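Contents: one structure, followed by commentary.
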Amino acid sequence: MNSQQSLDLLPTVGVAESAADGSSLWWKIQALADISDQLFVKKLSRNDTSWADDAGKHQAGFYVPHHIRTAGFFPTLVADNPDKPHIFRANCDVLWPQTGETTHSNIRHYSNKGSEAHFTRLPKPLFQSLTPASLLLTGRFKHQTAGCHYWIVVLDSASEEAELLETVFDLRSDFHYRLFDATCFADAAQLQKDEKQELIDRLQHAIRTGSIETILREYGIPEPADIATEARESWLQARGLDSLDPWSLPNPGDAIMAISRDVEFSLYRRYELRRRAAELLAIVANGNDLVTTIVHRFADIDRVFLSASQQRKTRAGRSFEYHIANCFAAGRIRFVEQAVTGGRRPDFVMPDLKTLRDRKRNSLDALVLAAKTTLRERWKQVSSERLNCEVFLATVDDRVAINSIREMADAGIQLVVPESLKSSDEAYYREQDNVLSFREFFDTHIRQLRPFLVAS
């Protein structure tokens, strides 16, 4: 069966024909979820994808965790070869919406090698050159479609579709894999729809009563520090804790990541939607003709979107810094923020700028810690900040490629990451000597090597 024939069998008009549209994959996913009864989402590990980039790898396929293999989502595996009773297998005919092809795939479990099974015979190009921590989404059709019982898409973690999937299923920073009822896909969208409908009703009422200016004053976006405080207090309260004391928390990096990437981001999205929708409505509501108003006031509309984009980026970076600073303060660690030195402004200098500038002292007397939620090429800004001391770079980015990590090592930069990312199979941090966890950073590089940084 060729690609177009497979896609034409999908019972949603326009799914196949929208291939040229950049958003077509998401529409295909929605259409496929509607005719599926269960979904399996997995964050891809290095072993799930390395075979596609390394021709020497024997295993060609992704791992199916034991819990998923025995949960009834996939067919029951059987040992059908008397000569090899340790090999259990099942056939899975799969539709791949991104290429339109179908494959006669297999799930194989070598019972003498462990509990996991491998999903084999799949399109290699979909698994090549993926950003770390990409996502795999598998659906089980309610009824056989295109000769298949399953469909699979692979979403690069840097893609818009991956972000949408994380939003719909509220995938947290510690997510690895899970089975979802397919109705959850629609239910999540419905929940967002209900919340948006409440906002729509408020804004429509404001137009009818001429109170849009009142709504604008009510729907302000709190200052980044205030949202960070709200998120941190919410996280602490849920766990019965008083502070982000790094000496009391077993995994302080995971705590910082959960607050900044999960709790705070969720809060910010609600504030942002209300504010930006009200701003746009204030621009277009007073015009007699919507088209004319949009054309004449396009510059004002553009400024709203530009402001939203800039504020979103600034908030993410400052959020991470706020929580690190709060962690330092709770642990009575001596530091200064954003100290200007030599035309540079390191995020954190320990213990202070005077000690950093005194080059006669031992290099262990001071350190610099930069903080960046996402790295890409931005880590290169840090290398120029090296000032006769050790330089550390904290991040919660699980998508950093191995080449970038090694380049940072060559530049004398030590990465500091949450504890779960340091040990993760999805990220590339585990075996890198220049990557340490927040726990290791606090215990070794502060308490052990620089005890004077901790106030008595």
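The values are calculated or read from the model by the stated rules, or taken from the named source; none is laboratory data. Please read all numbers here as calculations on a predicted model, not as lab measurements. Please note: Cβ atoms are built from the backbone with ideal geometry, for glycine as well, and neighbour counts cover all protein chains shown.
Details
- Looking only at region 246-255, and only at residues there that are assigned to a loop (DSSP other than H, G, I, E, B) and under 25 Å from the mean Cα position of the chain (by Cα), the one that is nearest to Ser423 (Cα to Cα): Asn251
- Residue match in region 228-242 (condition: outside any helix (DSSP H, G or I), farther than 25 Å from Leu164 by Cα and touching a Lys or Arg at 6+ places or on another chain (Cβ under 9 Å)): no
Residues are listed down the side, and each one gets a yes or a no for (1) without any contact (Cβ under 8 Å) to a residue 60 or more places away in the chain; (2) under 26 Å from Gln128 (Cα atoms); (3) out of contact with any Cys (no Cβ under 8 Å at 6 or more places or on another chain):
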{"position": "Glu390", "(1), (2), (3)": "yes, no, yes"}
{"position": "Arg399", "(1), (2), (3)": "no, yes, yes"}
{"position": "Gly412", "(1), (2), (3)": "yes, no, yes"}
{"position": "Ala427", "(1), (2), (3)": "no, yes, yes"}
{"position": "Arg439", "(1), (2), (3)": "no, no, yes"}
{"position": "Thr444", "(1), (2), (3)": "yes, no, yes"}
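- Residue satisfying all of: in region 232-254; in contact (Cβ under 8 Å) with a residue 60 or more places away in the chain and buried (at least 18 other Cβ atoms within 10 Å of the Cβ); farthest from Val168 (Cα to Cα) among these: Pro246
- Filtering region 208-227 for residues that are in a helix (DSSP H, G or I) and farther than 30 Å from Val284 by Cβ leaves a non-empty set.
- Number of the condition not met by Pro82 [criteria: (1) under 26 Å from Ser159 (Cα atoms); (2) exposed (fewer than 13 other Cβ atoms within 10 Å of the Cβ)]: (1)
- Cross-chain or 6+ apart pairs with Cβ under 7 Å, region 208-220 first and hydrophobic (A, V, I, L, M, F, W, C), then part of a loop (DSSP other than H, G, I, E, B): Ile212/Ala285
- Filtered residues of region 128-144 (kept if more than 19 Å from the chain's Cα centre (by Cα) and of a type in the set (A, V, I, L, M, F, W, C)): Phe141
- Test for Thr229: is it surrounded by 12 or more Cβ atoms within 10 Å (Cβ to Cβ), modelled with pLDDT under 85, of a type in the set (Ser, Thr, Tyr) and out of contact with any strand residue (DSSP E or B) (no Cβ under 7 Å at 6 or more places or on another chain): no
- Residues that are part of a helix (DSSP H, G or I), under 15 Å from Glu213 (Cβ atoms) and without any contact (Cβ under 8 Å) to a residue 40 or more places away in the chain within region 256-286 comprise Leu280, Ile283, Val284, listed in sequence order.
- Here Thr12 meets each of (1) touching a strand residue (DSSP E or B) at 6+ places or on another chain (Cβ under 6 Å); (2) polar (S, T, N, Q); (3) at pLDDT below 60 with one exception, condition (1).
- Odd one out for Val291, checked against (1) crowded, with 17+ Cβ neighbours inside 10 Å; (2) farther than 30 Å from Phe442 by Cα; (3) not charged (D, E, K, R): (1)
- Summed over region 80-117, the residues that are touching a residue at least 24 places away in the same chain (Cβ under 8 Å), farther than 20 Å from Thr138 by Cα and either in a loop (DSSP other than H, G, I, E, B) or of a type in the set (A, V, I, L, M, F, W, C) (or both) give a count of 6.
- Reported count of residues in region 155-180, each being part of a strand (DSSP E or B) and either of a type in the set (A, V, I, L, M) or in contact with a Lys or Arg (Cβ under 9 Å, 6 or more places away or on another chain) (or both), is 4.
- Count - residues of region 266-304 that are more than 32 Å from the chain's Cα centre (by Cα) and among the aliphatic types (A, V, I, L, M): 9
- Answer residue from region 50-71, given it is in a loop (DSSP other than H, G, I, E, B) and either surrounded by fewer than 11 Cβ atoms within 10 Å (Cβ to Cβ) or among the hydroxyl-bearing types (Ser, Thr, Tyr) (or both) and is modelled with the highest pLDDT among those: Thr70
- Counted residues, region 375-409 - those being modelled with pLDDT under 90 and either among the aromatic types (Phe, Trp, Tyr) or outside the structural domain of Lys354 (by TED's automatic domain parsing) (or both): 1
Let's see how each residue does on (1) among the acidic types (Asp, Glu); (2) surrounded by fewer than 17 Cβ atoms within 10 Å (Cβ to Cβ); (3) under 22 Å from the mean Cα position of the chain (by Cα); (4) closer than 25 Å to Phe328 by Cβ:
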{"residue": "Asp156", "(1), (2), (3), (4)": "yes, no, yes, no"}
{"residue": "Arg172", "(1), (2), (3), (4)": "no, yes, yes, yes"}
{"residue": "Thr214", "(1), (2), (3), (4)": "no, yes, no, no"}
{"residue": "Glu218", "(1), (2), (3), (4)": "yes, yes, no, no"}
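- Number of residues in region 118-154 that are buried (at least 22 other Cβ atoms within 10 Å of the Cβ) and either in a helix (DSSP H, G or I) or without any contact (Cβ under 8 Å) to a residue 24 or more places away in the chain (or both): the value is 0.
- Of all residues in region 152-183, those satisfying the criterion of being of a type in the set (Gly, Ala, Ser) and either touching a Pro at 6+ places or on another chain (Cβ under 6 Å) or closer than 19 Å to Ser424 by Cβ (or both) are Ser157, Ala158, Ala162, Ser173.
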